[in-house]
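To start, the structure itself, in structure tokens.
Just so it is clear, none of the values below were taken in a lab; they were calculated from the coordinates. Everything numeric in this text was worked out from a predicted model, so none of it was measured. Using ideal geometry, Cβ is built from the backbone for each residue, glycine included, and neighbour counts are taken over all protein chains shown.
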Amino acid sequence: MRYLSIAICLLLGSAPSAMAQVSVGIGIGLPGMSIGINLPAYPQLTRVPGYPVYYAPDLNSNYFFYDGLYWVYQGDTWYASSWYNGPWRLVGPERVPVYVLRIPVRYYRAPPMYFRGWQPDAPPRWGTHWGNDWQQQRQGWDQWNRRAAPAPAPLPVYQRQYQGERYPQAPQQQQLRNQNYHYQPRDAAVRQQFQEPARPPAPAVRQPTPQPMQPVRPAQPHTEPSGMPPPAPAGRARCTPPTGAKGRG
């Protein structure tokens with residue numbers, strides 16, 4: 001009886017961590033890509049205090065929601081999607097919204113190695129990581145009035161009913177979003193993500209088809225044209241009498 005009770009406790013204790021064991025390995029692809037995040041259901045999202053951002057505390061991933069889009073920082077790259085399980089669009093460092101950049105280090109559930117030693121209540125040191133060119137281009141990203149932060153966008157909870165085999169493909173996602181989620185992004189960087197069409201996948205490079213090798217024909221022996229005398233043997237001269245000459249009697 002004692003061992004049965006222990007087994008039941010272990011089973012019950014493992015249930016809340018099921019969502020945290022979601023696979024988040026990355027596989028690089030094209031726009032509208034899969035980055036290896038496979039969520040069985042809509043994740044639990046919690047507000048980051050003082051920020052218009054949500055994060056997913058139960059996922060072993062740097063997973064956020066801001067201004068109508070889901071954001072993931074994976075493999076030193078930012079990705080965005082309008083649906084909780086993708087497909088995902090790659091976002092360059094120069095185009096990431098400032099409030100996403102300002103998320104404190106402590107809310108990254110799978111921080112990269114170079115985050116070590118950084119203040120947990122401060123944003124990552126993106127200027128140090130991405131260099132001076134990025135820092136000059138994004139000046140002031142880490143300076144703002146915390147009391148004037150905008151309100152967070154409403155969560156698209158209608159997506160909770162779409163999971164597993166019911167999860168829509170990319171062509172259906174936009175239609176469902178237009179029907180169920182009427183929020184309009186305020187951030188210019190986010191609006192740009194909605195307005196920019198996804199680039200089509202690059203055409204596959206075809207390898208040239210190897211051609212079968214033609215058999216090499218043996219060289220034909222050289223023959224002299226008909227009517228010409230054969231060449232004289234080496235070392236022996238042949239005299240030909242002049243035309244019209246008569247022999248002596």
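Fully extended, how many nm does the chain gain between residue 139 and residue 113 (0.36 nm per residue separation, minus their Cα-Cα distance)?
Difference between extended and current length: 6.9 nm.
Whole-Å semi-axes of the stretch 22-195's equivalent ellipsoid, largest first, each the root of 5 times a Cα gyration tensor eigenvalue?
Working through the eigenvalues yields semi-axes of 25, 18, 16 Å.
Under a Cβ-only charge scheme (Lys and Arg +1, Asp and Glu -1), can you give me the dipole magnitude of the stretch 22-195 about the Cα centre, in debye to the nearest 20?
Computed about the Cα centre, the dipole is about 320 debye.
For residue 128 and residue 95 in the same chain, what is the full-extension length gain: residue separation times 0.36 nm, less their Cα-Cα distance, in nm?
Numbers: separation 33, 0.36 × 33 = 11.88 nm, distance 1.71 nm.
Here the segment from residue 128 to residue 95 would lengthen by 10.2 nm.
With each pseudo-label sitting 7 Å past Cα toward Cβ, what's the residue 192-residue 149 distance in nm, one decimal?
Spacing of the two 7 Å Cα→Cβ label points: 2.3 nm.
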